[in-house]
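To keep things clear, I will list the structure first and then write my remarks on it.
The values are calculated or read from the model by the stated rules, or taken from the named source; none is laboratory data. Here the structure is a predicted model, which means the values were calculated and not measured. All Cβ positions, glycine included, derive from the backbone under ideal geometry; neighbour counts span all protein chains shown. Heavy atoms of the whole protein, side chains included, go into the accessibility calculation; ligands, DNA and RNA do not. Shrake-Rupley method; radii C 1.70, N 1.55, O 1.52, S 1.80 Å.
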Amino acid sequence: MQRVNLSTVSEFVFVGLSDAAEIRLLLFALFLLLYLATVAGNITLLVAIRTDSHLHSPMYFLLGNLSLLDLLCPTITVPKMLGALLLEHKKISFSGCLFQHFALIAVVGTEIFLLTVMAYDRYVAVCHPLRYPSIMSAKLCAQLALGTWATGLLNSLLHTSLVFTLSFCGPNKIQQYYCDIPPVLALSCSSTHSRELVILLVAGVLGSAACAVTVVSYMYILLEILARNSPGIWHKAFSTCGSHLTVVCLFYGTTICTYVRPSFTYSPHRDRVVSMLYGMVTPLLNPIIYSLRNREVKCALKRVISWVRRAL
């Protein structure tokens, strides 16, 4: 068996965040507000789904899983970034970087598969409305949700093992504010070509399969709408699928730009902007998108906010 190269680097250093004290404090305040707003929005949505009996349906069960992922995604990376901005503590241990990498890839992968399941749920709701309760049973929803989490964890385990069994014996400065695949691969002092091919192949196959299921689901939805051609059908379909479709486009666009490409195209400045989109902005926007476009969610959120006000 081939012997695995062990890393001689014991810690990594995050670079790329501003060195100017005034800008650091401004960025700290901005990112802290974004993070707190993201946490508050997703926790409120989770509480609304859990406590409101009107939201105890397959669609909102899956939406609750999405909110949990949107809560975990920035929590994995943002606190460390805030510490680097405020305390200038930009170092992370090798094991800490490994865990952060594993957790982040697991959450991102799980969200991709969950959005695919949600697309199938919307297809059943529009194309088979009378059979929807029997098809999307509580048991099937639980199995689908568990499958997305398991697939995301296994996918992350593969990617993390491919990246962190490389040799790291030279530079240890990560051109990012968290441990991600492209900037960590760029630091390896051993050949990464074969592992990059495996990462691209796995990401390409899984991502293409998820994207294909989503596209096919919406193609069937479109054909069903055109076949019915009844008054108000477009408005009803858009109210049912518009939120999910918006989230899919936003999330897929940013993740594909980050991961499904060779490492020689890696650009630290561009990738930091893109990672901010799917790491901070998307988790913030998702509960807003779903609450603004869904009357039931808006009513449930109003009830939760009223309950909180009375409790305070």
Förster-model FRET efficiency, 35 Å R0, VAL205 and ARG310, C-beta, rounded to 0.05: 0.10
Using the basic label-point model (7 angstrom from Cα toward the beta carbon), what is the LEU130 to LEU86 distance in nanometres? 5.9
According to a simple spin-label model (label point 7 Å from Cα along Cα-to-Cβ), what is the distance in nm between ALA212 and ALA37? 3.9
Can you send over the solvent-accessible area of LEU71, 1.4 Å probe, protein chains only, in Å² to the nearest 10? 30
Quick one: Cα centre-to-centre distance for the stretch 198-212 and the stretch 139-153, in angstrom? 18
At 1.4 Å probe size, put TRP149, TRP307 in order of accessible surface, largest to smallest. TRP307, TRP149
Cut-off under 14 Å on the C-alpha distance; same-chain residues fewer than 8 positions from LYS298 excluded. Which aspartates and glutamates are left, in chain and number order? ASP52
Could you run the Karplus curve 6.51 cos²θ - 1.76 cosθ + 1.60 with θ = phi - 60° over the stretch 33-42 and give me ³J(HN,Hα) per residue in whole Hz, x for Gly and Pro? 5, 4, 5, 5, 5, 5, 4, 5, x, 6
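Can you compute the FRET efficiency between CYS299 and LEU226 using 1/(1 + (r/R0)^6), with r the Cβ-Cβ distance and R0 = 22 Å? Round to the nearest 0.05.
The calculated FRET efficiency here is 0.10.
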Extended-chain gain in nm, criterion 0.36 nm per residue less alpha-carbon gap, HIS54 and GLN143: 29.8 nm
Please give, to one decimal in nm, the separation of the simple spin-label points placed at THR246 and THR75, each 7 Å out from Cα toward the Cβ. 2.5
If R0 = 30 Å, then LEU25 and SER93, at their Cβ-Cβ distance, give a FRET efficiency to the nearest 0.05 of 0.70
Non-local amide H neighbours of LYS173 (under 5 Å, H modeled in plane, Pro and chain starts lacking H): which ones? VAL13
